[in-house]
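Below is one structure, written out as structure tokens; comments come after it.
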Amino acid sequence: MPELTKKERMKIPRQVMPEQNPEERRSNFKEVNLGFTEELAVMEANRCLQCPKPVCVEGCPVGVQIRDFIKLVSEGDFLGAAAKIKEDNVLPAVCGRVCPQEEQCEVKCVTGVKGEPVAIGRLERFVADYERTHTGIRTATVGAPTGKKVAIVGSGPAGLSCAGDLVQRGHSVTVFEALHEIGGVLIYGIPEFRLPKEIVKAEVEALKNLGVEFKTNNVIGFSDTVDELMGEGYDAIFIGVGAGLPYFMNIPGENYNGVYSANEFLTRVNLMKAYRFPEFDTPVFDCKGKNVAVFGGGNTAMDAVRTSKRLGAKNAFIVYRRSEVEMPARVEEVHHAKEEGIEFIMLTNPLEFIGDEQGWLRGAKLQKMELGEPDASGRRRPVPIQGSEYIMDLDMAVIAIGNGSNPMIQKTTPDITHNKRGNIVVDENTMKTSKKGVFAGGDIVTGGATVILAMGAGRKAAGAIDEYLKDPSVW
Amino acid sequence: MYKIISADFLAPDIKRFIISAPKIARKRKAGQFVIVRTTEHGERIPLTIADSNSTEGTITIIVQGIGKSTKEINSFNSGDYFTDVVGPLGHPSHIENFGTAVSIGGGVGAAISFPTAVALKEAGNHTISIIGAKTKELVILEKEMRDVCDEVYVTTDDGSYGEHGFVTTKLKNLIDSGTKIDFILAIGPLPMMRAVAELTRPYGIKTVVSLNPVMVDGTGMCGGCRATVDNKTVFVCVDGPEFDAHLVDFDTLMKRNNTYRDFEKTALEHFSCHTHQMFDAAVKEQN
Ligand SMILES: Cc1cc2nc3c(=O)[nH]c(=O)nc-3n(C[C@H](O)[C@H](O)[C@H](O)COP(=O)(O)OP(=O)(O)OC[C@H]3O[C@@H](n4cnc5c(N)ncnc54)[C@H](O)[C@@H]3O)c2cc1C
Ligand SMILES: Cc1cc2nc3c(=O)[nH]c(=O)nc-3n(C[C@H](O)[C@H](O)[C@H](O)COP(=O)(O)OP(=O)(O)OC[C@H]3O[C@@H](n4cnc5c(N)ncnc54)[C@H](O)[C@@H]3O)c2cc1C
Ligand code: SF4
Ligand code: SF4
Ligand code: FES
């Protein structure tokens, strides 16, 4: 193909990614987005202006070489593009799906000034899928063994990316995971219809092939403490245990049957496969024909409400105390949820849950809100409207107002400094904690954030761990 | 995979398993539990560590077959494997020399209270054990308790063995006859634990119960195991499982434990139907 001019590139419309139609997908757990075809990918890649100064990269927390990988896509060298991305991002199939691209790389893209930005995330996803389905995930070579042992606590994106980088540098790496499967929120939280588990499993297999050892069923703090791991000969430890403590609202009636935390609801469905009961043993509330409300406005809330719809809910609502513009969920998820028939009740807050004699949830008392002055987060603070209370009939409720940090490590390792909110305090450049030889990153440091930030933290820590292992006197 | 070293029935539907789990065996303390998963399709269910042997690297669990998962476990034999065993979870029992300590175990609760009874004895308490069961053949661990405790009483609901009545009947007798009791640990079905709590409340005897909500992860991540204690929400898996009986809201917990009742029936039917098919297939093969 002859080289396109800038003008010609700008004329190409942003390519639409095929997806399952809403009617069909709201009753199955298969992935909603179907991904670009090769033709669509090349076409979309041709929209990139190959800027001399690619500003898009500034928006990516791990600095993926966006311009260069997109060039390779436009040339049809998809495997080359995959290798290019993986210089900076070890989980592209995951990030291409779940990164909030519209706020990160794509928001910076120059083509977005006048028209629509290049679909960087979709291209990243395409490239990673192409590699996985055509050659299998190809991994980097492993450096000469250094004889050093590193323990990684928690197998979410932070732990996995840290493990990948360290094993490539020749260190022996063991990942300890509390649950029976590897992947953290990618496995137990984010549903199959957004991130097929098969993709996470393939990434984990690739790490196994590099020599990373995985030990499931190991709750650090209970099975072994951090100090005991040190005693077992690990030269350094990375803690990536995530933010896994569900917040409740502390309103009356929260313990009625049918009131779930998002973590419990999603874990039952995703990790334990309750949607396939009785083939799988774990049950979950029977949503069929029922009224379900999910309280919250983030990705977790969208995942929970769309899951309830797929389990057969007649009416599935998002109830959020601010307005739609303040919702932290990704735009794409909100859009998909609406297409699937989710109803959004904005500026509304629950005051209490109502139940029956047998302890089953029957409804919620809600109160309308209006937006007042901006609060500390810069978003306008919701203020209750007196006298606006009303009752909503409900059979199931899911509370998705965020997670705090699990205190297990804090309680069992007092010499790792935590802040008031229970997050581990680290040196921002090295991810070092207050305890010699122990590093931390991901949600346990930042509070609930994003997959890519957790991965970035894992990589940064890997670099610092490598230096520390070469010369422990640098602590 | 966690290998079953031995498996034997203690009573109809109550089976004792010794499982190879060296790390758990080394670490566990009285009052802690494991979460097991029977197969790749299994649910995660909590079971108390009844005993352990750190030199052999084994732990003992005692399982009462009441639903799909526990019946499936009880169909396992030595040489079989659990897909997952994780622990030790939960806080260990709070043990000190209280003076006279009574451990009360209703049904399979006798197994759950056993390790704590041992620890209470080791701490220097005068230990009394009350074992309650519906009927004679369901009485478990009597011999083991006699080896450890200073006094052991057995009650059966139908009077077929030991004293006729409930564990609370015996406990009340002890209190009325002037036994000075400093500490009580009661473990069994929720109505039993509640009855003990109500009995001891007016006397102000320190009473502890081990709660048994439905659990999933057992690490404080899901909040499914929440209960109300002292008007506050607790996560039983990480804040317990033992709590001051006089502060527990038993009513709410009893209702919460009914959440999956219809599913449990379906699961059990599905399981029995499945085992029948396996049985039929095995018979066919033999013929
Ligand atoms: C439902 C949901 C949807 C989300 N959607 C998005 C999205 O679309 N895009 C996005 O970018 N982000 C999303 N996020 C956020 C993102 O998933 C997290 O920020 C990210 O997973 C954090 O990674 P992590 O490695 O720090 O921790 P996690 O992914 O939480 O992993 C921590 C792991 O550590 C294990 N662990 C905990 N304690 C111990 C212990 N004591 N010993 C051993 N192991 C332990 C846990 O079991 C877990 O497997 C979502 C989160 C949720 C809950
Ligand atoms: C800390 C703790 C320690 C326990 N120790 C023992 C023990 O040593 N021996 C023993 O026999 N039993 C013990 N139990 C109870 C045991 O976990 C349940 O009997 C078992 O989960 C029932 O599963 P099922 O499929 O056989 O029965 P189901 O038919 O599914 O359920 C029967 C009842 O068991 C309870 N239950 C169901 N699923 C769960 C679950 N995932 N977690 C907890 N409870 C559930 C519910 O109250 C339910 O009504 C313990 C429970 C807890 C919480
Ligand atoms: S990792 Fe995320 S932010 Fe970075 S380029 Fe890929 S999609 Fe964009
Ligand atoms: S800013 Fe946009 S157009 Fe420029 S290189 Fe990056 S993706 Fe291409
Ligand atoms: S079982 Fe999930 S928090 Fe206790």
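Nothing in this text is a laboratory measurement; each read-out follows from the coordinates by a stated rule. Values in this document were obtained by computation on a predicted structure and should not be read as measured data. Neighbour counts are summed over all protein chains in view; Cβ atoms, including those assigned to glycine, are modelled from backbone coordinates with ideal geometry.
Quick notes
- Two-site label geometry, B:Lys3 and A:Trp360: point separation in nm, points 7 Å out along Cα→Cβ: 4.8
- Simple spin-label estimate for A:His335 and B:Glu163 in nanometres, 7 Å along Cα-Cβ: 7.3
- Kirkwood Rh and Cα Rg combined as Rg over Rh, evaluated for the protein assembly as shown: 1.00
- Sites B:Asn231 and A:Lys6 - FRET efficiency at Förster radius 60 Å, r taken between beta-carbons, to 0.05: 0.35
- Two-site FRET efficiency, A:Thr216 against B:Lys180, from Cβ-Cβ distance with R₀ of 56 Å, rounded to 0.05: 0.70
- Neighbourhood charge, 13 Å Cβ-Cβ cut-off, centred on B:Asp80 and excluding it, Lys, Arg +1 and Asp, Glu -1: +1
- The 3J(HN,Hα) values that the Karplus relation (6.51, -1.76, 1.60; θ = phi - 60°) gives for segment B:61-71 are, in residue order, 10, 10, 10, 9, x, 10, x, 3, 5, 5, 5 Hz. Gly and Pro appear as x.
- GluC sites (Glu not before Pro) lying in DSSP loop within segment A:239-341, provided at most 14 other Cβ fall within 10 Å: A:Glu279
- Low-density loop positions, trypsin sites (Lys or Arg not before Pro), segment B:138-213 - DSSP coil, at most 16 other Cβ in 10 Å: B:Lys180
- Cross-link check: pairs A:Lys11/A:Lys197; B:Lys3/B:Lys29; A:Lys215/A:Lys411 evaluated at a Cα-Cα cut-off of 30 Å; pairs beyond the cut-off: A:Lys11/A:Lys197.
- Stretching A:Glu87 away from A:Thr146 to a fully extended chain increases their span by 19.1 nm, per 0.36 nm per residue minus the current alpha-carbon distance.
- Amide H contacts under 5 Å for A:Phe214: A:Val175, restricted to partners 5 or more places along the chain or on a different chain, H placed in the peptide plane at 1.01 Å from N.
- Here segment A:5-31 and segment A:283-321 have alpha carbon centers that stand 25 Å from each other.
- Shielding by partners - mean other protein chain Cβ count within 10 Å, residues of B:37-49: 3
- Comparing B:Ser272, B:Ser210, B:Ser129 in a Gaussian network model of chain B (Cα springs below 10 Å), the most mobile by mean-square fluctuation is B:Ser272.
- Distant-in-sequence amide contacts of A:Phe238, defined by a placed amide H-H separation under 5 Å and a gap of 5 or more residues or a different chain, comprise A:Ala151, A:Ile152, A:Val153, A:Phe439.
- Karplus 3J(HN,Hα) series, Hz, for segment A:327-339 with 6.51 cos²θ - 1.76 cosθ + 1.60 (x for Gly, Pro): 5, x, 5, 5, 4, 4, 5, 5, 4, 4, 4, 4, 4
- Distance between the 7 Å Cα→Cβ label points at A:Thr417 and A:Lys201: 4.4 nm.
- Globularity index of segment B:1-120, i.e. its alpha-carbon radius of gyration over 2.2 N^0.38 Å: 1.03
- Loop-located GluC sites (Glu not before Pro) across segment A:167-232 with a Cβ neighbour count of 16 or fewer within 10 Å are A:Glu232, with loop assigned by DSSP.
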